[in-house]
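Computed from the coordinates by the stated procedures, all read-outs in this text should not be read as laboratory data. Nothing here was measured: the structure is a model prediction, and the numbers come from that model. Note: ideal-geometry Cβ built from the backbone for every residue, glycine included; neighbour counts use all protein chains shown.
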Amino acid sequence: MTDKVLFKGGTILTLDHKLGVLNGADLLVEGSKIAAVEQTIEGVDAEIVDAAGMIVMPGLVDTHRHTWQSIIRGIGSDWSLQTYLQSIYFGNLGSKRRPEDDYIAQWLGAVEALDGGVTTLLDWTMINSDEHTEQLIAGLRASGIRARFAYGSPGEESYWNRESRLDLAAKAEEVKNAYFASDGELVTMALAIRGPEFSSWEATIAEIEAARRLGLVCSMHLGFGNWGAQDRSVTKLHKAGLLGPDLNIVHGNAIANEELELLRDFGGSLSITPEIEMMMGHGYPVTGAAIERGVTAALGVDVVTSTGGDLFAQMKFALQAERAKENQRLLDEGIMPEQVPLSTKQMLEAATIEGAKALMLEDKIGTLTPGKEADLIMLRCDDVNLLPVTDPFGAVAQAAHPGNVDSVFVAGKAKKRNGQLVGIDKDRLKKQAVEARDFMLSSR
């Protein structure tokens, strides 16, 4: 049996600046990797996938998702950030999970992501015990998604306050040795730290240094709300010599332009979660200012207690929020806008290659470049909300939704085909998710 798959006749959005867009073209996968992208590929013994009438593009990359919250989705649809923190942290809902609840939550959340065309995510965790850690990892692995499992602290007040000196350094090394011996697996490790705005400076330094010793992406919530502008945390990190490409800053709504320039010059990415930021009171998304200054700006879904796990929606939210802000600025000056800021291509980059850079996976994913992993999705162009496709970037960033996702491949393996998830017992998934939700809610 051949390990080659040949995608024939698709509109291929490579997101590779050299390859660009190929219409009616072919893409060859060998094993887990992309072998070739050409106008026509002939004479290959391969399984044929008819991609005519399809957009073939890199899988979406979600750089910030609290995946375990999938089993209590919707509970926070009317929550502010303050209500969310008080409801999830500090001995509340987040502490009511059993290890088996975490397994099903991760499995459900990752399958939701795959169904919507997300092939890679960073899972920002809340760890209650060693048993919870094991089940959180197992649930991700069961789904077949590519993920950075960002090991985090418990949600208790002893950890989440600015005086807390408790740190994850020793535990992170233990988890890395126990579960992540190889960087070649689909699920690899990152570190989810509280950072200087939710723990002491000493704990922040200890955790960043631990992440670097272990070679991990280090992600933290930073620079938002009514404290973000005053704290100037990016400046403090820079003065301490701690900025680097392995630091991932989530939100950053209130950081100054000169701090964005520090991120560009000394390293660091931004995970922007536009829908949740505008809903909960983090502040206005910093998308345009970050992209304008050359910062690695990626997208995330964030808390699935309060929104769906759909990254197509986040592209639209980010794009229109930035356009609305700039248009209103001009209108307030008595000027009628003649052009809109940001492009749909830039949004698609934020959801693919920029996300890969933020997770330090750009050598593996994010573009359909020969030699990279075959993480790709196919969108049906003949669905009524997309046809006729005139501008494929506009179609994806402005009009597409998870229902248009025909096929999903991760490392060359099909996770969704012909609009249906592959190898998923949906009845079992539903039964276990409902049982886990009911247990958590009854334990409040």
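Test of understanding: extend the Cα→C-beta vector of T235 to 7 Å, then name every residue of the range 242-285 with backbone N under 12 Å from that spot. Of the residues in the range 242-285, 255-260 have backbone N under 12 Å from the label point off T235. Taking every C-alpha pair closer than 8 Å and separated by at least 6 residues, the mean separation divided by the residue count of the chain gives a relative contact order of 20 percent.
At 0.36 nm per residue, minus the direct Cα-Cα distance, what do E209 and T390 gain on full extension? Give it in nm, one decimal, please.
60.3 nm
Partner aspartates and glutamates whose Cα lies under 18 Å from the Cα of K239, excluding those fewer than 8 positions away in the same chain, are identified as E197, E202, E207, E209, D231, E258, E259, E261, D265. Over the range 60-354, the hull volume per residue, using the convex hull of the C-alpha atoms, is 121 Å³. One decimal place: the segment K33-R162 gains 41.9 nm when fully extended, by the rule 0.36 nm per residue minus the C-alpha distance. Between N177 and R444, the simple spin-label model (points 7 angstrom out along Cα→Cβ) gives 4.1 nm.
Cα centroids of the range 46-102 and the range 107-127: 6 Å apart. Applying 1/(1 + (r/R0)^6) with R0 = 22 Å to the Cβ-Cβ distance of K426 and E134 gives a FRET efficiency near 0.30. Report the residue, chosen from L28, L270, L368, that carries the largest GNM mean-square fluctuation when the chain is represented by alpha-carbon nodes joined by springs under 10 Å. Highest fluctuation of the listed residues: L28.
Estimated purely from DSSP H runs of n ≥ 4, each contributing -39500 (n - 2.57), the mean residue ellipticity at 222 nm for the chain is -10000 deg cm²/dmol once divided by its residues. If you plug the beta carbon distance of V340 and A170 into 1/(1 + (r/R0)^6) with R0 = 41 Å, you get a FRET efficiency near 0.25. The length gained by stretching the chain between A142 and S77 to full extension, at 0.36 nm per residue less their Cα-Cα distance, is 20.6 nm.
Using θ = phi - 60° in the Karplus curve 6.51 cos²θ - 1.76 cosθ + 1.60, the 3J(HN,Hα) couplings for the range 243-259 round to 5, x, x, 8, 8, 10, 9, 9, 5, x, 4, 10, 6, 6, 4, 5, 6 Hz; x is entered for Gly and Pro. Straight-line reach from K325: which lysines have a Cα under 16 Å away, not including same-chain ones fewer than 8 places off? Here the lysines satisfying the reach criterion relative to K325 are K316. Separation of the range 207-252 from the range 153-189 is 16 Å, based on Cα centroids. Under 5 Å from the amide H of S129 lies no amide H of any residue 5 or more positions distant or on a separate chain, with H modelled from the backbone and absent for Pro and chain starts.
The relative contact order of the range 370-444 comes to 26 percent, based on Cα pairs under 8 Å that sit 6 or more residues apart. Residues M336, M315, M57 in ascending order of nearby Cβ atoms (within 10 Å, fewest first): M336, M315, M57.
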